[in-house]
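Just so it is clear, none of the values below were taken in a lab; they were calculated from the coordinates. All values derive from a computational prediction rather than experimental measurement. So basically every Cβ, Gly included, is an ideal-geometry build from the backbone, and we count neighbours across all protein chains shown.
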Amino acid sequence: MRLTVLGCAGSFPGPESACSAYLVEAEGFRLLIDFGSGSLSALQRYSDLNKIDAIILTHLHCDHMLDACTYIVVRRYDPSGPQPPVPVYAPLGAAERISAAYSQDNEPVDDVYTFYGLQPGTFPIGPFTITVDRVNHPIETYGVRIEQGGRVLAYSSDTAPCEPLLRLAAGADLFLCEASYLDGADNPPGLHLTGGEAGEAATKADVGKLLLTHLVPAWVSEASIVDAAVAAFAGPVEVVRPGARYDL
Ligand SMILES: [Zn+2]
Ligand SMILES: [Zn+2]
């Protein structure tokens, strides 16, 4: 499978990146994981706009789902005619949230999306075996494990340290993990990971490679976060960039 980073800025778009959105492809199937602010722009560099086969929204914070609203226009008003609905796997309430953000009168969006409520478990999407579990964030949020062809990609979504994160990432070839906070700062609990905590999770889960994401460029020093992660994880560590591609 192939991972393409469409956006990786944490919490709000950065000067160089949209918010979280990741394209995962295998056997011609295109799965979009998160659809944060600004990422619809980047999506057009790597995919035909209409050829998204399924979407997972890990949680309903704006920086992970807001471009699912703007994408309604793309499919509903395509010059060649309305496009068929796309399956969206998301926490309950996603339809109402997207509809409310899209229109003042909460018009239905089921012509564009078919919603499936996420709950902890394992299920297929196209060629992928997907496992999701609740992670440690103030609203209902799911970390994701994606398996295909004997390879494993794990994605933390937004989370503070927690056991489900370690299970999802166990033995993953690539661990795409958020690192929003600086180690040693007075960080609020139950929200995000530091670089050091991302590194610790990578070590405990025994992953092949740690990809750091969801840094907030305006607020944190990337070098400090990387240094803390490297100190806690002996394997390769990399900060993802928009447009970065990983074949696994
Ligand atoms: Zn976020
Ligand atoms: Zn969040």
- [ ] Given the options 27, 222, 200, state which has the largest fluctuation in a GNM of the chain using a 10 Å cut-off (strictly under) for Cα springs.
- [x] 27
TODO: Please work out the Kirkwood hydrodynamic radius for the chain, using every pair of different C-alpha atoms, and report it in angstroms with one decimal place.
DONE: 17.9 Å
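Is it possible to state the helix-based mean residue ellipticity at 222 nm for the chain, with each DSSP H run of 4+ residues giving -39500 (n - 2.57), the sum divided by total residues, to the nearest 500 deg cm²/dmol? What is it? Could you put the intermediate results ahead of the total?
Details: 7 runs with 60 residues, N = 248.
Rounded to the nearest 500, it is -6500 deg cm²/dmol.
Express in nm, to one decimal, how much length is gained between residue 204 and residue 222 on full extension, taking 0.36 nm for each residue of separation and deducting their alpha carbon distance. Walk me through the intermediate numbers first.
Values: separation 18, 0.36 × 18 = 6.48 nm, distance 2.28 nm.
Gain in length upon complete extension: 4.2 nm.
Two decimals is fine: what's Rg over Rh for region 13-119, C-alpha atoms, Kirkwood radius as Rh?
On the way: Rg = 12.9 Å, Rh = 13.8 Å.
Taking Rg over the Kirkwood Rh, I get 0.93.
Which value, in debye to the nearest 20, describes the size of the charge dipole of the chain about its Cα centre when Lys and Arg Cβ atoms bear +1, Asp and Glu Cβ atoms bear -1, and nothing else is charged? All intermediate terms of the calculation are to be shown ahead of the outcome.
Values: 15 positive and 30 negative charges, 95 e Å.
Once rounded to the nearest 20, the dipole reads 460 debye.
What is the extension gain from residue 100 to residue 167, computed as 0.36 nm multiplied by their sequence separation minus the C-alpha to C-alpha distance, in nm to one decimal? The partial results should precede the final answer.
Values: separation 67, 0.36 × 67 = 24.12 nm, distance 3.46 nm.
Full extension from residue 100 to residue 167 adds 20.7 nm.
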Open item on the list: In 5 Å bins starting at zero, report the fraction of Cα pairs in region 78-128 per bin as a rounded %.
Closed with: 5, 18, 22, 23, 17, 10, 5, 1
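First measure r as the distance between the Cβ atoms of residue 234 and residue 45, then evaluate 1/(1 + (r/R0)^6) with R0 = 41 Å and state the FRET efficiency to the nearest 0.05.
Details: r = 34 Å, r/R0 = 0.84.
Result of the calculation: an efficiency of 0.75.
Using the Cβ atoms and a cut-off under 10 Å, what net charge is assigned to the surroundings of residue 151, where Lys and Arg are +1 and Asp and Glu are -1? The partial results should precede the final answer.
Working: positive: none; negative: 147, 173, 247.
Residues near residue 151 contribute -3 overall.
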- [ ] Could you give the C-alpha radius of gyration of region 109-248 expressed as a fraction of 2.2 N^0.38 Å, taking N as the number of residues it contains?
- [x] 1.06
